1. What are the residues in segment 90-131 that are more than 15 Å from Leu4 (Cβ to Cβ), of a type in the set (A, V, I, L, M) and buried (at least 17 other Cβ atoms within 10 Å of the Cβ), if any?
2. Quick one: which of Ser64, Ser40 is on the phi < 0 side of the Ramachandran plot, out of contact with any helix residue (DSSP H, G or I) (no Cβ under 7 Å at 6 or more places or on another chain) and not aliphatic (A, V, I, L, M)?
3. Which of the residues spanning segment 60-89 are buried (at least 24 other Cβ atoms within 10 Å of the Cβ) and either touching a Cys at 6+ places or on another chain (Cβ under 8 Å) or among the small types (Gly, Ala, Ser) (or both)?
4. May I ask you to say which residue of Ser74, Ser106 is out of contact with any helix residue (DSSP H, G or I) (no Cβ under 7 Å at 6 or more places or on another chain) and under 18 Å from Ala134 (Cα atoms)?
5. For segment 16-63, give me each residue that is under 18 Å from Pro79 (Cβ atoms), without any contact (Cβ under 8 Å) to a residue 60 or more places away in the chain and part of a loop (DSSP other than H, G, I, E, B).
Amino acid sequence: MADLVITAANVVKADGAETATETAGEAITAGQTLYRHTDSKLYKAKDDTAAHAAAIGVALNSASANQPVTYVKSGDYNPGAAVAVGTFYGVTDTAGGLGVISDRSSSDFVTVVGYATTTSNIKVAITQTGVAVA
């Protein structure tokens, strides 16, 4: 399966979701997965290395480099795309991408972002495994 096709304007946190705001290190679009770089700024997560795959959340707003970006780090949010109930989603090989975990292939580092509880909701429960698919 391909990455979710996200409509940035539809990405919204649910009541009670835990969020944080930090500085973007590059242009980020709402709905993209994020990791914290060694420069302490947020960049688009990608499953090519353990460091890049270590997602900390999902962007709730779009931001240019050096602007604030708010992200959901736990709790529920609308991912701006239809999702399959009971399916786990995580970091993909597209920078900032979000896709079905079972679609990861050899050498992809696995980070679970969360799982779908309805067709328009993902419960963020991040697990950074640091492990690549064999």
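Readers should treat all values here as calculations from the given coordinates under stated rules, not as data from a laboratory. Remember, it's a predicted structure, so these values are computed and weren't measured experimentally. Cβ sites come from the backbone with ideal geometry, for glycine too, and all protein chains shown count toward neighbours.
1. Within segment 90-131, Val110, Ile126 qualify.
2. Ser64
3. Listed by number, the list is empty, since nothing qualifies.
4. Going through Ser74, Ser106 in turn, just one is out of contact with any helix residue (DSSP H, G or I) (no Cβ under 7 Å at 6 or more places or on another chain) and under 18 Å from Ala134 (Cα atoms): Ser106.
5. Ala30, Lys46, Leu60, Asn61, Ser62
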